[in-house]
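In what follows, a single structure is set out as structure tokens and then discussed.
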Amino acid sequence: MTCWDILSDYGLRSLGIGERLLPRDNFTICQQVVLIGSGMIWNIYFGLLALVSGFFLAVATAVGKAHHNPMFRKPAEWFIFVFRGSPLFIQFFFAYFTFQSLKGAYPIFTPLTSAWLGALIVLFLNTAAYSAEIFYGALMSIPKGDIEAADAYGMSGWKRFRRITLPTMLRLAWPAYTNEAIFLFHATTLVFMSGFPARSQMGDALYYASYFADKTFNPFIPYPILAGFFILLTLTVIGTFGLINKQLNRHLPQTNRAKIRLRLNLIR
Amino acid sequence: MAAIFSFCSDPASLEGIEWLSCYLTTGKHLGIYWSIGTVLLLLAITAPVALFFGFAGASAARSRILPIAWFGKGYTAIVRGVPDIAFFLFFVIALDQFFEWIRHEVKCPDWDMPIRQGNDFVVCPEAKLPLGTAPQWVHETYGFSLAVLTFAIVFGAFAANVLSGAMRAVPHAQLETAEAYGMTQRQTFWRVLVPQMWVYALPGLSNLWMVLIKATPLLFLLGVEDIVYWARELGATKTAKFTEYPHGDWRMWYFLALLVFYLGFTKVSEVVLDKIMSRLTRGQATAAGEAQRKAAA
């Protein structure tokens, strides 16, 4: 069996396409690379969708937290506190069992108990809370002069927000937001470790890596493969966010531009 | 199992708050309270050990001897780019096999079969850790120690990251002055650099502490019977056949309780760390110290 055959058999295994049974013995490096890579589809799916949808909630929450009216501020503060103050692992478990109880009462909630939707919602809320805190910090450090200049030009309300506040906020927050995106992709590996079932062994990259490590008693092959895939993914994220960063800073003189510095990698 | 309250002898007749207080003090529930102790124990051991590893890693990264510097830099860089959870799962198996391999080499020098046979990892019976004949508690302690060591290695790498940043933040002029006074490398490091770096390291370290708290439920994945394990056990549906306290699927409520527990824990830590920080910044020549001085005046 050549590596090409393995690729066509297992390349989309994580989506349930191709060979039904996972390899059971005589594991080759090729099988491990293909299956773990196939699992990366889920990591990218969760990370990308949560990031894009979470962005909008994060901006709204950050603006809410900066609002002078406690009716907007308090809910935003609590939302951020709850999701940043508790472990994501526990959030996954709690959400999964809550969705299960909901499903018992109303069958319409059935899709929530599967990972593709239920875990996505948790990740969406979680990344929204973390990003909201970043955006809030940026909102607070917008130069006073920028806002005053906007006022002087007669801009106010929505127009001032869209043209001055939002772009400056994004520009200031972008380096930290890049790190958040990286952590989010890393956090996606928790999904199938925390209650959400991997139906008919359709799991993410870590799911397959630990499958191989369990079967072969040899962690020294699957985990480095997984690490390799994630380093590639991290580099892609850094590259993409770097391009956007360039775009956000394009009007500034070269020396003033905020550089993206990769900071500490944090668990949640 | 002897009940704690005297009125708990006949659970079927109890109601409301009495039932709940009896339910929450059954023998099985003591398991989950013990496991909170496990979490605290993990934190109490991991935090200093990780700090030590981090300090060693950060100092190694500054070494003039290249292989040591490479090792230190490699260690600080190891946790970037790869999910930490992968490290947790990796180190637990890898450390276990490493220890068994060392014992194997020492105890059974005459063993002629390869250690890796296909999909198996085989060492001689005397090298097994813990020994096959060991009692249950030895197995549990060994599993817990492996988990602690794993946590310490991963968080040591985080701490090394923070500490090497703090070492770089100490004004360079201080080190040059020390050398101008004729201090050796070693003296400069211990007498000038190390005492001054802590103020710069504290925000990073307190952040790390929060992260460490939030990482404790991952013990579950390392095979330790921790709070997550007990919450799943105790919350699952219990029928009247097996327990005097039958209930439906309460796992949701158990995890809600854990959520609240962690929120409270982080909140308390936040308050305490803020106190420590404001204590440490008093009189420091930093922006925060200046703000404190102005507020007092």
Helix-only [θ] at 222 nm, chain A, -39500 (n - 2.57) per DSSP H run of 4+, per residue, nearest 500, equals -22500 deg cm²/dmol
What average count of beta carbons from other chains do you get within 10 Å of the Cβ of residues in B:89-97? 5
Based only on Cα atoms, what Rg/Rh ratio does the range B:21-284 have, Rh being taken as Kirkwood's radius? 1.07
Treat each spin label as a single point 7 Å out from the Cα along the C-beta direction, and report the B:Gln292 to B:Phe71 distance in nm. 3.8 nm
Around B:Ser206, with a cut-off of 12 angstrom between Cβ atoms, what is the net charge of the other residues, counting Lys and Arg +1 and Asp and Glu -1? -1
In a Gaussian network model of chain A with springs linking alpha carbons closer than 10 Å, the residue among A:Ala173, A:Ala138, A:Ala152 that fluctuates most is A:Ala152
At R0 = 22 Å the Cβ-Cβ FRET efficiency linking A:Tyr106 and B:Glu244, nearest 0.05, sits at 0.10
Note to self, chain B gives a 222 nm [θ] from helices alone (DSSP H runs n ≥ 4, -39500 (n - 2.57) apiece, / all residues, nearest 500) of -22500 deg cm²/dmol
Across peptide B:258-271, how many C-beta atoms of other chains are within 10 Å of each residue C-beta, on average? 3
PRE reach from B:Trp19 (point 7 Å along Cα→Cβ): which of the range B:220-262 fall under 12 Å by backbone N? B:245-248
Per the Kirkwood formula on distinct C-alpha pairs, the Rh of the range A:29-256 is how many angstrom? 19.6 Å
In peptide A:76-87, how many Cβ atoms from other protein chains are near each Cβ within 10 Å, on average? 4
Two-site label geometry, A:Lys159 and B:Arg282: point separation in nm, points 7 Å out along Cα→Cβ: 5.3 nm
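A short reminder: the numbers here are calculations on the coordinates, not readings from a lab. Remember, it's a predicted structure, so these values are computed and weren't measured experimentally. Don't worry about glycine lacking a Cβ; one is built from the backbone with ideal geometry, like all the others, and counts go over all protein chains shown.
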